[in-house]
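Worksheet for the structure shown next.
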Amino acid sequence: MKEIKLPNYMYMASPLHVAQTLGQIPTEKELETKTKNNYIFVGAFIGVSVALSAYLIWDGYTANKKKTI
């Protein structure tokens, strides 16, 4: 395991603060951003799925209507 040299002021800091400063664990803001990005991605996927389904239903309806006339 590689040793990490800490500046003098970090020796008295809490382990959580040191780990977040070194980038070993994500901060609360990074977790919040990741959660928002996941919601946006899932929302976009659902929106595209609904739009595609609506288009396919409409296309099938118009094709069936043309076939019966």
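The values are calculated or read from the model by the stated rules, or taken from the named source; none is laboratory data. Treat the numbers as computed from the prediction; the structure is a model and nothing was measured. Every residue, glycine among them, receives a Cβ derived from its backbone with ideal geometry; neighbour counts consider all protein chains shown. Ligands, DNA and RNA are stripped out before the accessible areas are found, and what is left, the full protein with its side chains, is counted by its heavy atoms. Shrake-Rupley method; radii C 1.70, N 1.55, O 1.52, S 1.80 Å.
At-a-glance table
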quantity: Solvent-accessible area per residue, Å², over the stretch 1-61 with all protein chains present [probe radius 1.4 Å]; calculated: 95
quantity: Degrees between helix 28-68 axis and first principal axis of the chain (Cα, 0 to 90, nearest 10); calculated: 10
quantity: Dipole magnitude of the chain about its Cα centre (Cβ charges: Lys, Arg +1; Asp, Glu -1), debye to nearest 20; calculated: 400
quantity: Identified option (computed semi-axes √(5λ) of the Cα gyration tensor in Å; candidates [x] 58, 10, 5; [y] 30, 16, 11; [z] 26, 22, 8); calculated: [x]
quantity: Among Val48, Ile25, Pro7 - extreme Cα towards positive end, dipole of the chain, charges at beta-carbon; calculated: Val48
quantity: In the stretch 17-54, chymotrypsin sites (Phe, Trp or Tyr not before Pro) in a DSSP loop with at most 16 other beta-carbon atoms within 10 Å; calculated: none
quantity: Share of carbon and sulfur in the accessible heavy-atom surface of the chain [1.4 Å probe, %]; calculated: 65
quantity: Helix-only mean residue ellipticity at 222 nm for the chain, each DSSP H run of n ≥ 4 adding -39500 (n - 2.57), per residue, nearest 500; calculated: -25000 deg cm²/dmol
